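Written out below as structure tokens is the structure these notes cover.
The values are calculated or read from the model by the stated rules, or taken from the named source; none is laboratory data. This structure is a prediction, so every number in the text was calculated from the model and none was measured. Methodologically, a virtual Cβ is constructed for each residue, glycine included, from the backbone with ideal geometry; neighbour enumeration extends over all protein chains shown.
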Amino acid sequence: MVPLQQYAILLGLTLGTAGLVLSLYALARSIGRSRQEAGKDVPATSGRLSRDPVWVRYHARYTAYALLFLAFDMEMAFMYPWAVVYREEGLVALLDMGVFLAILFLGLLYGWSQGALRRQ
């Protein structure tokens with residue numbers, strides 16, 4: 001398949017997906033009109049109105065958990081395609097993965113030094 005044909009297929013899929021999303025959105029808007037109610041715009045927790053503003057609910061320590069999760073999630077997302085091309089690329093791919101894992105290990109060490117792995 002010629003690269004130009006691949007781009008044409010990709011463009012067609014993108015336009016088809018966008019068309020489907022827009023048509024479903026238009027259908028939902030035409031079938032179900034939403035009623036304006038005063039209670040819809042009020043943030044609620046478990047059916048009760050919240051006393052605190054939204055920004056107070058989440059503690060800053062969860063940021064470290066999120067960063068560690070992203071680090072290990074990206075590691076797996078990068079290792080699967082790397083395993084496929086490793087045989088073709090050889091030592092270059094091995095060195096690239098070593099550098100990538102070293103950077104992730106530095107992030108893990110930073111999280112450890114900040115107490116992200118300590119039980120609360």
What number of residues within the stretch 98-120 satisfy the criterion of being of a type in the set (Ser, Thr, Tyr) and modelled with pLDDT under 80? 0
For the stretch 1-27, which residues satisfy the criterion of being assigned to a helix (DSSP H, G or I) and surrounded by fewer than 10 Cβ atoms within 10 Å (Cβ to Cβ)? 3, 4, 5
Could you tell me which residue of the stretch 86-120 is farthest from residue 69 (Cα to Cα), considering only residues that are assigned to a helix (DSSP H, G or I) and among the small types (Gly, Ala, Ser)? 93
Of the residues in the stretch 94-120, those that are surrounded by 13 or more Cβ atoms within 10 Å (Cβ to Cβ) and either in contact with a Lys or Arg (Cβ under 8 Å, 6 or more places away or on another chain) or outside the structural domain of residue 73 (by TED's automatic domain parsing) (or both) number 1
Might you check whether a residue that is closer than 30 Å to residue 118 by Cα and modelled with pLDDT of 80 or more occurs anywhere in the stretch 88-97? yes
Please enumerate the residues belonging to the stretch 73-114 that are free of Cβ contacts under 8 Å to residues at least 12 places away in the same chain and not hydrophobic (A, V, I, L, M, F, W, C). 73, 80, 81, 86, 87, 88, 89, 90, 98, 110, 113
